[in-house]
Amino acid sequence: MNLRTISTLLLIFVTSCKEKPSGAAAPKPETQLRLGYVLHGLSDFTHIIEQGAKDAARAENVAIDVVGPAGFAATSDAIAMFEGLVQKRVNGLVVIPMPGEVWVTPIRQATEAGIPVLTANVTSTGSAAKAWFGQGEYNSGILLANELKKFLTSQNKQEGQIIVGICAPGLSVLVDRYEGLRKGMEGTKFQVSQPFDVNTENTANYAAWENLAGANPSAVAMVGLCSMDIPNLAKLKQRTKAQWVLVGYDLGRETLDAIKAGVIQCALGQHPYLQGYLPVRSLAHHLRDKQPLPNGWVDVGVEVVTQENVATIYEREANEAKQAEWYRDYIAKNFADPAALAKPLPSRPPSRPK
Amino acid sequence: MERTLQPQTRTEPELRGWRRLQTFDEIGVIVALFSVCALLWLTAGDKFGQPGNLLQVARQASSYGIMAVGMVLLLAMGQIDLSVGSILTLVNIVSALLLREGVPMPLALVAGVAAGAVCGLLNGVLSVGLRVPSIIVTLGTMSVYRGLALVLSKATPIGNFPKNNPFFELGSANILGIPTSVWVMAAVALSGHLLLAHTAFGWRLQAIGSNTQAARFSGIPLARYQIAAMTIMGFIASLAGIMELAFLQSGSPTTGQGYELYVIASAIIGGTALAGGNGSVIGGILGALLIAVIRNGLVLLEFSAYWAAVVTGVVIISAVAIGGLVKKIQ
């Protein structure tokens with residue numbers, strides 16, 4: 001194969017792979033706003049964020065590039081993508097800055113270049129980003145603990161061991177959730193374990209939970225802090241016929257199935273659709289209509305899903321069209337003016353620096 | 001009294017045993033595995049030694065143990081494949097997608113295995129055709145295959161397909177008390193061992209790895225052998241992907257992430273030389289078991305998530321060092 005053949009094939013391949021920008025039904029004039037959205041990884045969770053961002057772009061008639069690294073929390077790749085969008089001179093940027101600490105400089109460089117930056121899902125404390133659209137992780141941990149206590153009480157369990165898994169040890173959002181859970185369980189006779197490493201890779205995650213279950217046969221509850229945890233725990237619980245209470249995060253299809261079947265007792269949703277939709281809409285309104293950007297934290301809320309309300313959520317998550325329709329009404333009712341909803345950053349674990 | 005030097009003499013049976021031990025390539029990893037197991041037995045007590053736990057460890061090892069067989073073949077001829085984890089993911093997703101679309105089970109599985117073999121074939125053809133080392137080609141295809149899995153699945157787990165059939169029942173069941181995936185690992189290992197140690201194909205792979213120039217001059221078609229070995233690797237990775245699907249009953253784009261390191265580590269811990277020239281399939285399986293035992297032990301001993309990573313590395317290095325020392329004495 002000679003050099004010319006390889007170059008030609010490469011050119012054809014790259015051209016054919018290029019995705020058409022979302023929000024563009026017809027050829028757009030040069031003046032159309034172009035936004036960028038940098039995800040922290042590609043997963044079912046971020047796929048919903050992407051949907052929200054693209055729906056907002058379509059509704060506001062702006063073009064958007066949604067990008068993200070394939071690996072989970074591949075920070076350097078995400079920063080490279082962010083810098084690439086800055087070089088491309090997009091009009092505004094949204095980023096999931098995970099972990100927030102390392103994003104201060106890239107965000108400052110973007111704002112110095114005249115590009116407004118908003119954050120979603122997690123925030124970058126001390127950065128130049130104007131607003132953060134997300135849930136308070138520490139508070140969600142407390143909320144999860146309260147739900148867990150309810151389920152344990154309903155099973156007449158007053159004491160015992162609660163095993164917690166963390167899929168990415170040290171990741172601040174997960175540590176915040178864990179600290180919140182511990183705080184919420186204070187004053188009870190339950191012992192919350194240290195957060196055990198359960199890995200982000202699906203099979204290794206199942207194996208880690210399997211090992212933890214074997215090592216702690218008397219555990220009364222299992223708590224997963226990541227989206228892949230509770231579907232795997234549900235399979236393990238069914239196979240071993242265990243009696244633990246299972247609670248955790250995120251609302252994937254398998255999680256909803258297991259809640260419906262009564263295997264998982266509770267899962268917290270983070271409204272990823274809103275984390276995609278709201279910042280894109282705010283940027284579009286700011287850049288086009290000169291509306292002020294929200295200043296501070298726009299709390300997208302935490303959704304508690306149990307067997308009682310799972311049917312509604314199941315219907316909403318059935319497909320992208322239904323999801324978009326449900327959120328259209330929800331946004332109109334609750335987030336008509338995000339700037340007016342912005343508030344100071346939420347409380348964080350006392351053990352963590354401000 | 002004057003001492004006279006006596007030549008050391010051994011009886012004939014002793015000599016036979018000694019010679020057998022000297023040709024026993026896996027002695028290092030066996031000693032390492034037993035050392036770690038003994039340590040865990042002493043520290044973690046009954047929890048480690050329970051048959052249920054040991055079978056669980058064997059099943060966990062099968063995830064990368066199956067692929068270690070293919071990696072041993074490749075390493076023996078001086079090649080490497082970094083895309084194995086991504087091939088596993090792609091096969092996992094392709095089969096799950098086909099099942100979701102209502103394709104009959106056997107056809108979905110065959111299509112998945114074929115996809116894996118084609119990925120391996122492509123690795124070989126690209127490496128030979130472009131004259132680029134396999135490590136570079138597979139570094140690229142690792143990203144391509146994982147990307148394709150993400151595109152196909154939209155980064156979302158695929159589990160909404162019928163699961164009430166023998167494939168899924170068997171995938172998570174035990175046969176004669178042993179998990180199905182362990183049987184599959186044993187079958188793949190036996191086939192791999194026979195191929196490498198008892199066929200002309202295997203001897204030639206090792207000859208290529210030992211001295212490429214000499215192999216070329218002796219008339220071995222290097223390109224054909226490299227393509228064949230990489231296709232076999234792809235095929236074996238696809239079997240691992242199918243087993244993951246059978247056990248977890250869903251396809252996930254995060255399945256297989258980072259497996260390449262475990263697979264390569266299993267093969268090397270098992271005594272296969274990174275530079276090529278020899279390889280031990282049985283050693284590769286034992287290497288995979290060693291990694292799974294360490295992971296299991298860390299949980300049983302309740303190591304913190306932060307220390308677990310440190311301890312894993314230290315134990316692996318120590319185990320390999322013990323194995324190396326034993327081989328040196330041998």
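The values are calculated or read from the model by the stated rules, or taken from the named source; none is laboratory data. Fair warning: this is a prediction, and the values are worked out from it, not measured in the lab. All Cβ positions, glycine included, derive from the backbone under ideal geometry; neighbour counts span all protein chains shown. The protein model used for the area step is the full one, side chains on, heavy atoms only, and it has no ligands, DNA or RNA in it. Shrake-Rupley method; radii C 1.70, N 1.55, O 1.52, S 1.80 Å.
Annotations
- Put the Cα centre of segment B:166-233 next to the Cα centre of segment B:293-330 and the gap is 27 Å.
- Here the ratio of the Cα radius of gyration of segment A:143-234 to 2.2 N^0.38 Å is 1.03.
- Largest first, the three principal axis extents of the alpha carbons in segment B:172-330 are 56, 41, 32 Å in whole numbers.
- Listed residue (A:306, A:170, A:339) projecting farthest to the positive dipole end of chain A, Cβ model: A:339
- Calculated [θ] (222 nm, deg cm²/dmol) that DSSP helices of n ≥ 4 give over chain A, each run adding -39,500 (n - 2.57): -14500 deg cm²/dmol
- Chain A - Rg over Rh from alpha carbon coordinates, Kirkwood radius: 1.00
- Equivalent ellipsoid semi-axes - Cα gyration tensor, segment A:80-181, angstrom: 38, 12, 9
- Inter-probe distance in nm under a simple model that places probes 7 Å from Cα toward Cβ, at residue A:303 and residue B:39: 4.7
- Across peptide A:209-218, the mean count of Cβ atoms from other chains lying within 10 Å of each residue's own Cβ comes to 5.
- Helix A:137-154 vs. chain A, principal-axis angle (Cα, 0 to 90°, nearest 10): 30
- Overall Cα dimensions of segment B:117-163, principal axis frame, Å, largest first: 44, 18, 12
- Nearest 10 degrees, 0 to 90: helix A:229-240 Cα axis against chain A principal axis: 40
- Listing of segment B:59-78 residues, each with accessible area lower by at least 40 Å² in the full protein assembly than in the chain alone (probe 1.4 Å): B:60
- Packing-based ranking of A:107-118, B:285-296, B:62-73, A:215-226 yields B:62-73, B:285-296, A:215-226, A:107-118, ordered from highest to lowest mean Cβ neighbour count within 10 Å.
- The separation of segment A:289-328 from segment A:249-265, counted between C-alpha centres, amounts to 17 Å.
- Each of residue B:152 and residue B:183 was given a label point 7 Å from its Cα along the Cα-to-Cβ line. The distance between the two points is 2.7 nm.
- Residue-averaged beta-carbon neighbours from other chains (10 angstrom radius) around B:249-260: 6
- Across the protein assembly as shown, the convex hull enclosing all Cα atoms gives 215 Å³ per residue.
- As computed over chain B, the Cα convex hull volume per residue (Å³): 188
- Those residues of segment A:245-291 for which accessible area with every protein chain present is at least 50 Å² below the isolated value (1.4 Å probe): A:254
- Compared with the rule-of-thumb size 2.2 N^0.38 Å for a compact globular protein, segment B:112-258 has a Cα radius of gyration ratio of 1.23.
- Separation of the alpha carbons by more than 23 angstrom is noted, of A:88/A:343; A:157/B:163; A:237/B:163; A:130/A:343, for A:88/A:343; A:157/B:163.
- Solvent-accessible area of chain B (1.4 angstrom probe, protein heavy atoms only): carbon and sulfur portion equals 68 percent.
- Cα gyration tensor, segment A:224-354 - rounded (a/c under 1.5), prolate or oblate: oblate
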